[in-house]
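Data first, discussion second: the structure below is written as C-alpha cells.
The values are calculated or read from the model by the stated rules, or taken from the named source; none is laboratory data. This one's a predicted model, so the numbers in the text were calculated from it and none came from an experiment. Here Cβ is always computed from backbone atoms with ideal geometry, including for glycine, and neighbour counts include all displayed protein chains. Only protein heavy atoms, including side chains, enter the accessible area calculation; ligands, DNA and RNA are left aside. Shrake-Rupley method; radii C 1.70, N 1.55, O 1.52, S 1.80 Å.
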Amino acid sequence: MSDTAIRPDPGAGGRREAGRRGVSTRRMFAPLAAADFRRYYLGQTASAFGDSLTPLAIAFAVLHLTGSAVDLGIVLLSTRLPVIVLTLLGGAAGDRFSRRTVMLLADLTRFAAHGTTALLLLTGTAHLWMLVVLQLIAGAGSAFFTPAAAGLVTGLAGREHVQAANSLISISRSAASILALGAAGALVALVGPGWAVLVDALTFLVSAAFLYRLPLEAGRPRPSGGVLAGIGGGIAEFSRHRWLWMWTLHSALTNVLVVSPILVLGPYVADRDLGGAPAWSAIGIAYAVGGLAGGFVGARWRPERPMVAALLFFLLIAPLPALLAIPAEPWALALAAVAAGMELVVYNVLQTTAIQRHLPEAFVSRATSVTLLGALVAAPVGMGLAGPAAELSGSGPVLGVGAVMAVLLTVVTLCAPAVWRIRDEPG
C-alpha cells in the first residue's frame with residue numbers, strides 16, 4: 001500500500017466542518033418553515049421595535065416632568081407591579097384558554113395604554129400619576145401576554161426547534177432595538193418622547209393583526225378544575241424541579257440588586273453626566289448589538305448543561321454597573337453594554353428553552369408565570385429603593401454594589417448540585 005493510500009484527505013476536515021455549519025444553519029432557521037410561526041415572528045418583530053422606543057421615552061418624559069430619580073423609579077415600578085399581581089393568573093389563562101386569544105387581548109390593552117400615554121405627552125397634559133396608572137395597565141397586558149407566548153411558541157415551532165425559535169425572536173428583537181433606540185434618542189431630543197410612545201402603541205396593533213391570523217389551538221388538553229386549581233397545579237409542577245426554582249431565585253436576587261439599579265440610575269447618570277438621552281440611547285444600541293450577537297449564539301449552540309452555561313454568561317453583566325458607578329466614558333459603557341446584552345439574551349433563551357423542553361406542554365405557561373413571578377417579585381423593591389439609596393449615598397456606590405453582587409450570587413448558585421443536573425443533548 002502506498003503512502004498516498006493512507007494519507008488523510010486534507011480537505012475532509014474542512015468538508016466535515018462545512019457540513020456541521022450547514023446543519024447548524026438549517027437548524028437555526030428551521031422554525032421559519034412553519035407559516036404560523038412566521039406570522040407570529042413578524043408580529044413580534046414589529047412589536048419589538050416599539051417596545052425599544054418606550055423605556056427610553058418614558059424615562060426621559062419623567063425626568064423632564066420632575067427631574068427626580070425617585071419619580072422615575074416609581075413609574076418603572078408601576079410597569080412591573082401588575083406582573084407580580086397578575087402573572088400567575090396570566091399563566092393559568094394561557095394554559096386554559098386559547099393562547100392566541102389571550103395574547104391578542106393583551107396587545108389591544110397595551111395599545112390603549114400606550115396610545116393614551118402618547119396623547120397626554122403630545123398635548124402637554126401628562127402628570128406623574130397619569131403615567132403611573134397607564135403603566136399599570138400596560139403592565140397588566142404584559143402579565144397575560146408573556147406566559148401565553150412561551151406556550152404558543154412551543155406549539156408553533158415544536159419542542160425540537162424551540163431553542164432556535166426563541167433565539168430567532170431574540171435576534172429580531174435585538175435588530176429592531178438597534179434601529180429603534182437610534183430613533184428614540186433622536187425623537188426625544190428633537191420632538192419629545194410622546195412621538196416615540198405613539199409609535200410603540202401602533203406596533204401593538206400590528207402584532208395583534210398577525211396574532212389574529214393564527215388559528216385557534218385545537219386538541220390541546222385543558223387543566224381540570226377552576227382557575228385557582230390551575231394556578232395551584234402550576235406551582236406544584238414548578239416546585240418539583242429544584243433546578244427551576246434555583247434558577248428563579250438567582251433571577252430574583254440579581255434583578256433587585258443588579259438590574260433594577262441599572263434601569264433606574266442608568267438614565268439618571270446619563271442625564272447628569274453623559275449628555276442626556278442621546279448618550280443613553282447609544283448605550284442602549286450597544287446593548288441591542290450584544291443581544292443580536294447573543295441571539296446567534298443561542299440559535300447555534302446547545303450546551304450539554306444549559307443552566308451552567310447561562311449562569312456563566314450572566315457574569316458578563318457585571319462590567320456595566322461597575323462602569324456606570326464611575327461613570328466611565330460612553331465608549332467604555334457601550335462595550336460593557338454589548339457584553340450585558342449578549343448575557344441577557346443567552347440567559348433568557350436557555351432558561352425559556354429548558355422550561356419548554358423539560359416540563360409537560362400543558363404546564364409551560366403556568367411554569368413560565370411562576371418563573372416570571374419569582375424573577376420579578378423583588379425587582380419593584382429594587383426600583384423603589386434605587387432612587388432613595390442613590391440620594392443617600394450617591395449613584396456610584398449603589399451601582400458598584402450591584403456589580404459585586406452579580407458575581408457573588410452567580411458563584412454561589414454555581415456551587416449548587418442541582419445546577420449541574422439538568423442536561424440536554426449537546427448541539
- Hey, Thr116 open to solvent by 10 Å² or more (accessible area, probe 1.4 Å), of a type in the set (S, T, N, Q) and modelled with pLDDT of 90 or more or not: yes
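Every residue, every condition in (1) within 23 Å of Leu179 (Cα to Cα); (2) at pLDDT 80 or above; (3) part of a helix (DSSP H, G or I), yes or no:
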| position | (1), (2), (3) |
| --- | --- |
| Tyr40 | yes, yes, yes |
| Gly43 | yes, yes, yes |
| Ala46 | yes, yes, yes |
| Gly50 | yes, no, yes |
| Ala57 | yes, yes, yes |
| Leu63 | no, yes, yes |
| Gly67 | no, no, no |
| Arg80 | no, no, yes |
| Leu86 | no, yes, yes |
- Task: Looking at (1) open to solvent by less than 10 Å² (accessible area, probe 1.4 Å); (2) part of a helix (DSSP H, G or I); (3) at pLDDT 80 or above; (4) not basic (Lys, Arg), find the lone condition where Gly230 falls short.
- Result: (3)
- Note on the structure: Per the filter on segment 265-302, residues open to solvent by less than 10 Å² (accessible area, probe 1.4 Å) and either of a type in the set (Phe, Trp, Tyr) or not in a helix (DSSP H, G or I) (or both) are Gly276
- Message: Condition check: polar (S, T, N, Q), in a helix (DSSP H, G or I) and closer than 26 Å to Leu198 by Cβ. Does Gln135 satisfy that?
- Response: yes
- Task: Name, by its number, the condition in (1) at pLDDT 85 or above; (2) open to solvent by less than 20 Å² (accessible area, probe 1.4 Å) that does not hold for Ala164.
- Result: (1)
- Query: Looking at Ala309, Ala277, Ala299, Ala288, which one is more than 19 Å from the chain's Cα centre (by Cα) and small (Gly, Ala, Ser)?
  - Reply: Ala277
- Item | Hits in segment 65-95 - residues which are of a type outside the set (Ser, Thr, Tyr), over 13 Å from Ala143 (Cβ atoms) and open to solvent by 20 Å² or more (accessible area, probe 1.4 Å) | Leu65, Gly67, Val70, Asp71, Ile74, Leu76, Leu77
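Residue check: is Asp71 at pLDDT 75 or above and farther than 21 Å from Leu198 by Cα?
yes
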- Options Ala189, Ala175, Ala180, Ala209: the member that is open to solvent by 20 Å² or more (accessible area, probe 1.4 Å), within 17 Å of the chain's Cα centre (by Cα) and not polar (S, T, N, Q): Ala175
- Query: Restricting attention to segment 194-206, does a residue exist that is β-branched (Val, Ile, Thr), at pLDDT below 75 and either surrounded by 15 or more Cβ atoms within 10 Å (Cβ to Cβ) or more than 23 Å from Val289 (Cβ to Cβ) (or both)?
  - Reply: no
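Given the condition among the aromatic types (Phe, Trp, Tyr), open to solvent by 40 Å² or more (accessible area, probe 1.4 Å) and on the phi < 0 side of the Ramachandran plot, answer yes or no: does some residue in segment 328-345 qualify? So that I can check it myself, show each step before the final result.
Taking segment 328-345 and keeping what is among the aromatic types (Phe, Trp, Tyr), we get 331.
Add one more test, that the residue is open to solvent by 40 Å² or more (accessible area, probe 1.4 Å), and what stays is 331.
Among the residues that remain, those that are also on the phi < 0 side of the Ramachandran plot are: 331.
For segment 328-345, residues among the aromatic types (Phe, Trp, Tyr), open to solvent by 40 Å² or more (accessible area, probe 1.4 Å) and on the phi < 0 side of the Ramachandran plot: present.
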